[in-house]
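The values are calculated or read from the model by the stated rules, or taken from the named source; none is laboratory data. Keep in mind that this is a model prediction, so the values were computed, not measured. Quick reminder, even Gly has a Cβ in these numbers, built from the backbone with ideal geometry, and neighbours come from all protein chains shown. These area figures cover heavy atoms from the full protein model, side chains too; ligands, DNA and RNA do not enter into them. Shrake-Rupley method; radii C 1.70, N 1.55, O 1.52, S 1.80 Å.
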Amino acid sequence: QVQPVESGGGSVQAGDSLTLSCTISGDTFTDYTVGWFRQTPGAEREFVAATNRAGVTVAFADAVQDRFAISRDNARGILYLQMHRLKPEDTAVYYCAAVPRGGFAAYRERSDYDLWGQGTQVTVSS
């Protein structure tokens, strides 16, 4: 099965910006609905953001609305998550997720996606 690969995580100070990327090889990237989730120890993996195949329709969790942006480069098969004004509560392992889906209806649950990356750590210090 196709394996998404995240990169760009790191340790930053509160208020800083950081951009994550996810590459998906194998199948045609343009056929996938894609999203970002994050998880901290002892907590469920939670939805962060998602975008449809064309990268036009986007959705965000309330906690990151107005601070994060999601975009995709369909020509290169790369998904991005631009994070701004980071807060300590944003600290988590961030995961890229994808599913071959033409519509944009089910995208907030972990079970909505078939493909997952290994995750990249984001640590925000106060």
Residue within region 16-28 that is assigned to a loop (DSSP other than H, G, I, E, B), open to solvent by 70 Å² or more (accessible area, probe 1.4 Å) and without any contact (Cβ under 8 Å) to a residue 40 or more places away in the chain present
yes
Which residues, taken from region 77-98, are hydrophobic (A, V, I, L, M, F, W, C) and touching a Leu at 6+ places or on another chain (Cβ under 7 Å)?
Leu81, Met83, Leu86, Cys96, Ala97, Ala98
Could you tell me which of the residues Val12, Val2 is of a type in the set (A, V, I, L, M), open to solvent by less than 50 Å² (accessible area, probe 1.4 Å) and closer than 23 Å to Phe104 by Cβ?
Val2
Positions within region 7-33 being within 15 Å of Ala97 (Cβ to Cβ), modelled with pLDDT of 95 or more and not hydroxyl-bearing (Ser, Thr, Tyr), in sequence order:
Leu20, Cys22
Report the residue count in region 34-68 for those that are of a type in the set (A, V, I, L, M, F, W, C), open to solvent by 20 Å² or more (accessible area, probe 1.4 Å) and over 22 Å from Gly103 (Cβ atoms).
2
Report yes if some residue within region 74-82 is open to solvent by less than 60 Å² (accessible area, probe 1.4 Å), modelled with pLDDT of 95 or more, over 13 Å from the mean Cα position of the chain (by Cα) and not small (Gly, Ala, Ser); otherwise report no.
no
Limited to region 93-126, what total is found for residues that are more than 13 Å from Thr33 (Cα to Cα), among the small types (Gly, Ala, Ser) and under 12 Å from the mean Cα position of the chain (by Cα)?
2
